[in-house]
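Structure, as structure tokens:
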């Protein structure tokens, strides 16, 4: 079973600061690495994803950085806002290619 | 466009009872899956399906059964509920699978308590 290790478990950042969440994976059937955002009482929703023909992808304040040789990727949230307070999950495809395996999640709190 | 619809949203069962969590999607997605979410454990895959008539096990399949008779529906059956199955269950679908995973669209979840 594909292991996806995510850290930290929780994170507190002041408004305007940078939030950084890290993920490490084992072997994958193909390269596709998404981050999902989940608000309380809701299902997860895709935030941003990278297919690593590039080492970095940016969408607004959210950036994925990818290091294929180290099998690691990270999410950077620039100018963090209280509305970013949520749980964030990284994910990676399993060996079979038919499953998306998730990390254990990071609870982010952005204080005013 | 309703997306992925799960019912019921809340359910309380007694140990040993059986029940079915319903999942329906109206996006004509081939791939559907069930996850359970527990505190500190993230999202763990229970079962998935790559099309009507095709299902397979994920990471934590024991105690659960699935079938896929139509593209739209993917019910999850608890055969004999146990307290360890107390969790929030999410159904998800995507238009692509294997060789190129796409965005998973999640339902809003079904919160199950087994007493």
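All of the numbers you see were taken from the coordinates with simple rules; none came from a lab. Worth saying up front: this structure is predicted, and the values here are computed from it rather than measured. All Cβ positions, even for glycine, are placed from backbone atoms using ideal geometry, and neighbour counts span all protein chains on display.
Residues in region A:1-35 that are closer than 17 Å to residue A:81 by Cα and not in a loop (DSSP other than H, G, I, E, B): A:10, A:11, A:12, A:13, A:14, A:19, A:20, A:21. Taking the criterion of being within 11 Å of chain B (Cβ to nearest Cβ), over 14 Å from residue A:33 (Cβ atoms) and not in a strand (DSSP E or B), the only residue of region A:71-96 that qualifies is A:96.
Okay, residues lined up against (1) closer than 17 Å to residue B:94 by Cβ; (2) surrounded by fewer than 19 Cβ atoms within 10 Å (Cβ to Cβ); (3) within 14 Å of chain B (Cβ to nearest Cβ):
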residue: A:8; (1), (2), (3): no, yes, yes
residue: A:18; (1), (2), (3): no, yes, no
residue: A:34; (1), (2), (3): yes, no, yes
residue: A:46; (1), (2), (3): yes, yes, yes
residue: A:105; (1), (2), (3): no, no, yes
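Residues in region B:69-78 that are part of a loop (DSSP other than H, G, I, E, B), more than 10 Å from the chain's Cα centre (by Cα) and surrounded by 14 or more Cβ atoms within 10 Å (Cβ to Cβ): B:71, B:72.
Among the residues of region B:31-68, what is the count of those that are over 20 Å from residue A:43 (Cα atoms), surrounded by 14 or more Cβ atoms within 10 Å (Cβ to Cβ) and out of contact with any helix residue (DSSP H, G or I) (no Cβ under 9 Å at 6 or more places or on another chain)? Total satisfying the criteria: 10. Every listed requirement among (1) in contact with a strand residue (DSSP E or B) (Cβ under 9 Å, 6 or more places away or on another chain); (2) surrounded by fewer than 19 Cβ atoms within 10 Å (Cβ to Cβ) is met by residue B:92 save one, (2).
Only residues that are more than 14 Å from chain B (Cβ to nearest Cβ), in a loop (DSSP other than H, G, I, E, B) and surrounded by fewer than 14 Cβ atoms within 10 Å (Cβ to Cβ) were counted across region A:48-70, and they come to 6.
Take residue B:113 and decide whether it is touching a strand residue (DSSP E or B) at 6+ places or on another chain (Cβ under 9 Å) and buried (at least 17 other Cβ atoms within 10 Å of the Cβ). Steps first, please.
Working: touching a strand residue (DSSP E or B) at 6+ places or on another chain (Cβ under 9 Å): yes; buried (at least 17 other Cβ atoms within 10 Å of the Cβ): no.
Taking the combined requirement at face value, the residue does not satisfy it.
Given the structure, is residue B:111 within 11 Å of chain A (Cβ to nearest Cβ) and outside any loop (DSSP other than H, G, I, E, B)? It is true that residue B:111 is within 11 Å of chain A (Cβ to nearest Cβ) and outside any loop (DSSP other than H, G, I, E, B).
Count, please, the residues in region B:3-26 that happen to be closer than 20 Å to residue A:36 by Cα and either free of Cβ contacts under 8 Å to residues at least 40 places away in the same chain or more than 14 Å from chain A (Cβ to nearest Cβ) (or both). Show your work before the answer.
Our first condition is that a residue be closer than 20 Å to residue A:36 by Cα; within region B:3-26, this holds for B:3-6, B:25.
Remaining after also requiring either free of Cβ contacts under 8 Å to residues at least 40 places away in the same chain or more than 14 Å from chain A (Cβ to nearest Cβ) (or both): none.
Final tally of qualifying residues: 0.
Scanning region B:27-50 for residues that are out of contact with any strand residue (DSSP E or B) (no Cβ under 8 Å at 6 or more places or on another chain) and either over 27 Å from residue B:83 (Cβ atoms) or more than 10 Å from chain A (Cβ to nearest Cβ) (or both) returns a single hit, B:28. Looking at region B:48-68 only, could you name the residues that are in a strand (DSSP E or B) and more than 19 Å from residue B:17 (Cα to Cα)? Across region B:48-68, the qualifying residues are B:48, B:49, B:50, B:51, B:54, B:55, B:56, B:57.
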